[in-house]
Amino acid sequence: MGTIFCNDQLFFSCIYLIFIGLTSAFFFWGALFIWLVTLLFDRRLVILHLYTSFWAYFYVWCMPAWSVTIKGKEKLNWNKQYIIVSNHQSQLDILVAFGLFFPFKWVSKLEVFKLPFIGWNMYLNRYISLKRGDKESIRKMMSDCERQIQKGCSIYMFPEGTRSKDGVLRPFKPGAFILAKQNNLPILPVVINGTMQALPKHSLVLQKNHRISIIILDEIPVETIQSMEPEEMALNVRALIDTHLFNASENL
């Protein structure tokens, strides 16, 4: 029975990935059209980002094995900019975080930008690429973030830098907290639970039924950020997010 179940999972995962690939080609042309039509008046590309959010979250809606809840969405203020930071458990984190339907610029690894259609759309949105471990790329990423902040954009970062292998939070890198302090922006912590169980690291095989949650915590005001060094703030935010993480065995 176990072998049959694993084969079914693999077959279903392949069908789902093929579905994503085929429909991404369709969605990309819609994104390109919106980019062309709105480029001159939508300076922050908000309309394109919201379309991209629909595109991404469409795959969550189409997946019967996932039950996603978002708590604290009322804390998102469209009249404010944030440095948004969250834990990173799985490749699914980006899909479910798009469910916030809130304008921001992602900081994402360079490899994602190389994907057909999906990566091209990330370039259209002016999301920010990063080559892990490359100091020059890190400097460029920080500069690109500064440029988007000056345009009025929020920035979404995973300060762990890469996905956790076991759900235990990795140390937070200071980049997001440096940006917040230098630009007098509040930090908005976001907690993602359940994605690691749904799609483990280094796997493309979807796992059984899982409940996934996003919890938007209270923003950390500028005054608090300015009273601490970025490294201290990174430790505090990491501890805050950690208190809202579920154990893998709990599965929410």
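Inspection of segment 64-78 identifies no residue that is of a type in the set (Lys, Arg), in contact (Cβ under 8 Å) with a residue 12 or more places away in the chain and closer than 24 Å to Phe117 by Cα. Just to be sure, is Glu146 in a helix (DSSP H, G or I) and either within 17 Å of the chain's Cα centre (by Cα) or among the acidic types (Asp, Glu) (or both)? Judged against the criteria, Glu146 is a match.
Here's the yes/no breakdown for (1) closer than 21 Å to Leu36 by Cα; (2) open to solvent by 10 Å² or more (accessible area, probe 1.4 Å); (3) assigned to a helix (DSSP H, G or I); (4) out of contact with any Phe, Trp or Tyr (no Cβ under 8 Å at 6 or more places or on another chain):
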residue: Phe98; (1), (2), (3), (4): no, yes, yes, no
residue: Val107; (1), (2), (3), (4): no, yes, no, no
residue: Asn121; (1), (2), (3), (4): yes, no, yes, no
residue: Ser137; (1), (2), (3), (4): no, yes, yes, yes
residue: Glu160; (1), (2), (3), (4): no, no, no, no
residue: Val168; (1), (2), (3), (4): no, yes, no, yes
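For segment 139-151, filtered to residues that are in contact (Cβ under 8 Å) with a residue 12 or more places away in the chain and over 22 Å from Leu50 (Cα atoms), the residue that is most open to solvent (accessible area, probe 1.4 Å) is Met142. Being among the aromatic types (Phe, Trp, Tyr), modelled with pLDDT of 85 or more, open to solvent by 90 Å² or more (accessible area, probe 1.4 Å) and under 23 Å from Asn121 (Cα atoms) is the requirement here; does Trp29 meet it? It is true that Trp29 is among the aromatic types (Phe, Trp, Tyr), modelled with pLDDT of 85 or more, open to solvent by 90 Å² or more (accessible area, probe 1.4 Å) and under 23 Å from Asn121 (Cα atoms).
When Val85 is tested against (1) within 21 Å of the chain's Cα centre (by Cα); (2) open to solvent by 30 Å² or more (accessible area, probe 1.4 Å); (3) at pLDDT 90 or above, just one condition goes unmet, and that condition is (2).
Asn7 passes every criterion in (1) in a helix (DSSP H, G or I); (2) open to solvent by 80 Å² or more (accessible area, probe 1.4 Å); (3) modelled with pLDDT of 90 or more apart from (3).
Taking Arg126, is it basic (Lys, Arg), open to solvent by 20 Å² or more (accessible area, probe 1.4 Å), closer than 28 Å to Ala25 by Cα and at pLDDT below 95? So Arg126 does not fit the description; no.
The values are calculated or read from the model by the stated rules, or taken from the named source; none is laboratory data. Everything numeric here is computed off the predicted structure, so don't read it as measured data. Every residue, glycine among them, receives a Cβ derived from its backbone with ideal geometry; neighbour counts consider all protein chains shown. Each accessible area value is taken on the protein alone, full model and side chains, heavy atoms only, with ligands, DNA and RNA left out. Shrake-Rupley method; radii C 1.70, N 1.55, O 1.52, S 1.80 Å.
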